[in-house]
Every structure is written in structure tokens, then in C-alpha cells.
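Before any comments, here is the structure.
The values are calculated or read from the model by the stated rules, or taken from the named source; none is laboratory data. In this text the structure is predicted, and so the values were computed from the model without any measurement. So basically every Cβ, Gly included, is an ideal-geometry build from the backbone, and we count neighbours across all protein chains shown. SASA here: full protein model, heavy atoms, side chains in, ligands and nucleic acids out. Shrake-Rupley method; radii C 1.70, N 1.55, O 1.52, S 1.80 Å.
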Amino acid sequence: MATLLITGATSGLGLHVAQQLADQGRHHLILPMRDARRGLALADALRQGGALAVHTPELDLASLHDVSRFLRTFESAHALSSIDGVLLNAGVQSAQALSFTVDGLETTFAVNHLAHLMLIQGLMKHLAPGAIVGWTASGTHDPCELMARLSGFRGARYTGAQALAKGEHDAGTSDAQACRDAYATSKLCNIVTAQAFAQTWAETGWRFFAFDPGMMPGTGLAREHGALTQWMWQHVLPRLARILPGTSLPASSAAVLSRLITDLPAATPSGAYFGFKGQRLTPARSARSSWVIEDLMRTSATLLTPFHPN
Ligand SMILES: NC(=O)c1ccc[n+]([C@@H]2O[C@H](COP(=O)([O-])OP(=O)(O)OC[C@H]3O[C@@H](n4cnc5c(N)ncnc54)[C@H](OP(=O)(O)O)[C@@H]3O)[C@@H](O)[C@H]2O)c1
């Protein structure tokens, strides 16, 4: 039996991953989520689907105090158990204007990057030998990604983690563009963090990766967009997924991601970045910049200091 912890399992990609892993009938799934009632219903369904055990502890990634509380609770509930895989998959995308969490941090940076960083740092002591940790990133971080460009993304704009946390963006940028930039940059942070962890923990046997699931219309990610975009996203684009470049369906990307999180190919170096067909990808140049890696990890540590559980 493998114990796997997955964030963002209530819908979209994460739900498909959880269902596919449950189908394999040999996993204990820990699925932190912010809605306890949905958690109970999902746990029942996944147990019926074949999961050996399912826990759905409450966790709101938009509050770093809640991440801290989650880690303290986890400590007492699972002190003796070890985790074989962690998939940091939950994600949000603002559409009209940037928003801020209860901690005063820009929401996409806080949820997609900082909260996950704090979570995995707190879980490291629970990792089993050979454990695998993955981040769901996105091709939107890359200014050369065709479908992302057609959707209005212009790649990550890493101006420093302090500026990202405050939601500062280039003068003259529209609110909608600032939302796309913030999302793409938060996904760059995921790729950078996977590489940084691979370097830091190189001698441990733990392995890290980042994953681009492709554009996956039909998931909940477009929930903040206008009615027409949502209709296209839910009803039109999924029918075109097979012919559009860089586009996938959540179930197909989940099949690849489920394999990576349980059986990362031994030959691939830790910190690698994979595409939705399981192929190795080269992240955009900014994701490989030593200044970006250094600034992100150092500043994130400073931003997280007040929230660390004692
Ligand atoms: N769809 C795409 O085209 C695409 C492309 C590239 C990368 N991705 C990435 O794929 C991952 C999954 O996204 P998706 O497309 O499957 O979208 P989704 O259906 O909206 O799933 C997002 C998940 O994140 C959870 N989440 C959001 N905010 C949270 C919070 N504050 N606390 C706890 N959980 C929270 C959601 O839970 P609730 O149900 O409680 O909101 C949901 O389970 C994300 O990291 C996204 O950036 C998606």
C-alpha cells in the first residue's frame, strides 16, 4: 500500500488523479480540501471506487495560518505514518482583477506557490524512503507556448518574490493581463521550487518533478471568467481538445500524472519537468535562472517565517 497526499482533488485534474489511483485498489489517499462536506462524499465515492483508505482533512490553502494548523493536526494524526507521494496540484486563476488572501498576499502567488511550499516543507519529515513529490505547473509560464499565447498569456514575469506577493505588476498592464501574468508566474514558481528541492535534497533518494498538464478545458479553473469564456471552456473546447495543439483532457493528463506520482521513471533526474504525454520538457529560460531560484527560495522563506508551526 502506498500513502499519497494530493491537493486540489475536489475537481478537474486532481479529481481524475484521485479516481484513477483509487481504481488501482492499493493506495491510501490523503486529500486535503477546504470543504469538509464535499470531502466526506468524495471519500465515500473513492472507497467504493477501490481506495484502501481515504482521508479528507480540511485545509484552506488561501490561509497560511490554516496550513500551519493543518501541519500541527497532521503531526498528531499521522505521527507514525509515512507518505510515499505528495502531489501539490491545487491551483487558482483570477480573471478580472488580482485579489488578496487573509494574509494580505496576492492570491495566485499565495495559493499556487507559497502555501504549497509551506505544506511540503512541513511534510518532509513524513516522507518515506524513495518518496516522490510533484507540482502541477503550466506551460503558461513559457512565453513561447502557442495555446497560452493565443489565450492572452505572455509568459511568466518574475520581478521578485516580494513584488509578486504584493501583487505589483508593470505600469500600464490591464487588470485582466495582470491576472494572467500572476498565474503564469505562480506556475513558474512551481517549476523553480521542484528544481530547488531536487538540489537541496539530492542525497536523500527523494525525487521531485513538475508537470504541465496542457490546456485542459472543462475543469473548474475558468470559474472566475465571464459567461461566454466559461461556456466555451466547458462545452466547446473539450470537443476540440484532440485537434488543438498543447491541449489535453483532464482524464488523459491525469493518467500520465498518476503514473509519475507513483512510479517516476528511475532514469530521469530529480527536478525534471514533464509534459502531458509524459515527455521531458525544457522549462522557459527564466525558470532556469539562478537569480530566480535564489530569490524565490530566500524570499519565500522570509514570507513564511511568521506562519511556521512551533
Ligand atoms: N485547466 C488547465 O487548462 C490547466 C492548465 C495547466 C495547469 N493547470 C493546473 O492544474 C491544476 C488543477 O487545476 P484544474 O484545471 O483541475 O482546476 P480546478 O478544477 O479548478 O481544480 C482546482 C483545485 O484546486 C483547489 N483549490 C483552489 N483553491 C484552494 C484553496 N484555497 N484551498 C484548497 N484547495 C483549493 C480546488 O478546490 P475547490 O473545489 O474547493 O475550489 C480544486 O480542487 C492547477 O494547479 C492548475 O493551475 C490547469
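Considering only residues of the range 80-93 that are polar (S, T, N, Q) and away from the ligand (no atom under 11 Å from the Cβ), which is nearest to residue 138 (Cα to Cα)? Give the derivation first.
Keep residues of the range 80-93 that are polar (S, T, N, Q), which gives 81-82, 89, 93.
Okay, now just the ones that are also away from the ligand (no atom under 11 Å from the Cβ), so 81-82.
Numbers: 81: 31, 82: 29 Å.
Checking each candidate, the answer is 82.
Scanning the range 1-15 for residues that are crowded, with 24+ Cβ neighbours inside 10 Å and of a type in the set (Gly, Ala, Ser), we see that the one that is nearest to the ligand (Cβ to nearest atom) is 8.
Looking across the range 280-310, the residues that are closer than 21 Å to residue 145 by Cβ and outside any helix (DSSP H, G or I) come down to 280, 281, 282, 283, 284, 289. Name the residues in the range 168-208 that are charged (D, E, K, R) and more than 21 Å from residue 263 (Cβ to Cβ), would you? Matches in the range 168-208: 168, 170, 175, 180, 181, 187, 203. The combined condition, being buried (at least 20 other Cβ atoms within 10 Å of the Cβ) and at negative phi, is fulfilled by residue 296. Take the range 105-149 and flag every residue that is in a helix (DSSP H, G or I) and more than 13 Å from the ligand (Cβ to nearest atom). Correct list: 117, 120, 121, 122, 123, 124, 125, 126, 146, 149.
Picking from residues in the range 187-203 that are in contact (Cβ under 8 Å) with a residue 60 or more places away in the chain and surrounded by fewer than 17 Cβ atoms within 10 Å (Cβ to Cβ), the one that is farthest from the ligand (Cβ to nearest atom) is 202. Go over the candidates 18, 45, 41 one by one and state the one that is within 14 Å of the ligand (Cβ to nearest atom), surrounded by fewer than 17 Cβ atoms within 10 Å (Cβ to Cβ), modelled with pLDDT of 95 or more and outside any loop (DSSP other than H, G, I, E, B). Exactly one residue qualifies, and that residue is 41.
When you scan the range 204-231, how many residues do you find that are away from the ligand (no atom under 13 Å from the Cβ) and either free of Cβ contacts under 8 Å to residues at least 40 places away in the same chain or of a type outside the set (Gly, Ala, Ser) (or both)? Number of matching residues: 8.
Can you name the residue in the range 261-271 that is crowded, with 20+ Cβ neighbours inside 10 Å and of a type outside the set (Gly, Ala, Ser) and is also farthest from residue 219 (Cα to Cα) among such residues?
Step one: of the range 261-271, the residues crowded, with 20+ Cβ neighbours inside 10 Å are 261, 264, 270-271.
So of that shortlist, the ones also of a type outside the set (Gly, Ala, Ser) come out as 261, 264.
Values: 261: 20, 264: 25 Å.
The residue in question is 264.
Residue 184 satisfies every condition listed in (1) within 20 Å of the chain's Cα centre (by Cα); (2) open to solvent by 10 Å² or more (accessible area, probe 1.4 Å); (3) closer than 14 Å to residue 155 by Cα except (2). Checked against (1) open to solvent by 30 Å² or more (accessible area, probe 1.4 Å); (2) closer than 24 Å to residue 207 by Cα, residue 65 passes all but a single condition, namely (2). Only a single item in (1) open to solvent by 10 Å² or more (accessible area, probe 1.4 Å); (2) within 14 Å of the ligand (Cβ to nearest atom) is not met by residue 24, and it is number (2). Screening residue 96 on (1) more than 16 Å from the ligand (Cβ to nearest atom); (2) in contact with a helix residue (DSSP H, G or I) (Cβ under 7 Å, 6 or more places away or on another chain); (3) within 25 Å of residue 291 (Cα to Cα); (4) in a loop (DSSP other than H, G, I, E, B) shows it passes everything except condition (3). Residue 88 - would you say it is under 22 Å from residue 304 (Cβ atoms), of a type outside the set (Phe, Trp, Tyr) and buried (at least 20 other Cβ atoms within 10 Å of the Cβ)? Here the answer is yes, as residue 88 does meet what is asked. Return only the number of the condition from (1) farther than 18 Å from residue 211 by Cα; (2) surrounded by 24 or more Cβ atoms within 10 Å (Cβ to Cβ); (3) among the charged types (D, E, K, R) that residue 149 does not satisfy. It is condition (2) that residue 149 fails.
Please work out which residue is least open to solvent (accessible area, probe 1.4 Å), limiting yourself to the range 212-229 and to residues that are part of a helix (DSSP H, G or I) and farther than 26 Å from residue 189 by Cβ. I'd like the intermediate steps shown before the answer.
Residues of the range 212-229 that are part of a helix (DSSP H, G or I), as a first pass: 220-222, 227-229.
The next check asks that each one be farther than 26 Å from residue 189 by Cβ; those that pass are 227-228.
Working: 227: 88, 228: 126 Å².
Result: 227.
Here is the figure for the range 230-258: residues that are of a type in the set (Val, Ile, Thr) and more than 20 Å from the chain's Cα centre (by Cα) total 2.
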